[in-house]
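Following: one structure in structure tokens, then a few remarks.
The values are calculated or read from the model by the stated rules, or taken from the named source; none is laboratory data. Since we're looking at a predicted model, the values are computed, not measured. Counting neighbours? That spans all protein chains shown, and the Cβs are built from the backbone with ideal geometry, glycine included.
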């Protein structure tokens, strides 16, 4: 394992997010490494960070572009006390924490696209995946919360086919960003927001998420298992579902791949 530049921001208090940070030059996926650590009993709040992922992936198995030395690729091990069905809401909670952390370096530029994208100036700068790990009886053992943020990518380092949709902090602000300071801010905000929902439920975080919503008021098409539902976004409900106003009335979307007509224009 390489020398750990993130060791300076470890809290040292077991159970706090970022209390222990495992750092690697390169891994296949931080999700895979975190899964192995969790299986060996790693405590809640343990983090895996890698400079590069050779097999990084996002939601729905999509590949995550992972050049070395520029961005934040991390997975946080969470051991929540919640029903398995509530795990997807952790993506929304992490989105709020990421948005709040990014405000410190890109104030006024941050938005969230349901369910798991972080935007800067209308382009995707980050993604989140909350992967539940269950026991043989389908009880929740832990959650692997993967967060990828494009930090210091230059425009020509984004694949050509993604340049109309993807961005980085550097591109959006015109400035280099201190990745270690950003990670510290993210872990601090995530720790606070996580404790809030454990004590009071998701509803306490919902207004903050809606304040960052990139979709509210926009006409979108949700594609889910081949079905298409088109309508105007009215926000999210207390369980994190996307609320649409369609021609046939209100619709509530719990899962799906949201396509936003004209979102990147």
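Summary table
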item: Failed item in (1) touching a residue at least 12 places away in the same chain (Cβ under 8 Å); (2) surrounded by fewer than 16 Cβ atoms within 10 Å (Cβ to Cβ); (3) within 17 Å of the chain's Cα centre (by Cα), with residue 211 passing the rest; result: (1)
item: Test: residue in segment 132-142 that is at pLDDT 95 or above and either within 12 Å of the chain's Cα centre (by Cα) or within 24 Å of residue 259 (Cβ to Cβ) (or both); result: no
item: Residue among 110, 93, 105 that is touching a helix residue (DSSP H, G or I) at 6+ places or on another chain (Cβ under 7 Å), closer than 23 Å to residue 224 by Cα and either in contact (Cβ under 8 Å) with a residue 40 or more places away in the chain or assigned by TED's automatic domain parsing to the domain that holds residue 153 (or both); result: 93
item: Selected residue [over 30 Å from residue 67 (Cβ atoms) and in contact (Cβ under 8 Å) with a residue 60 or more places away in the chain] from 169, 158, 197; result: 197
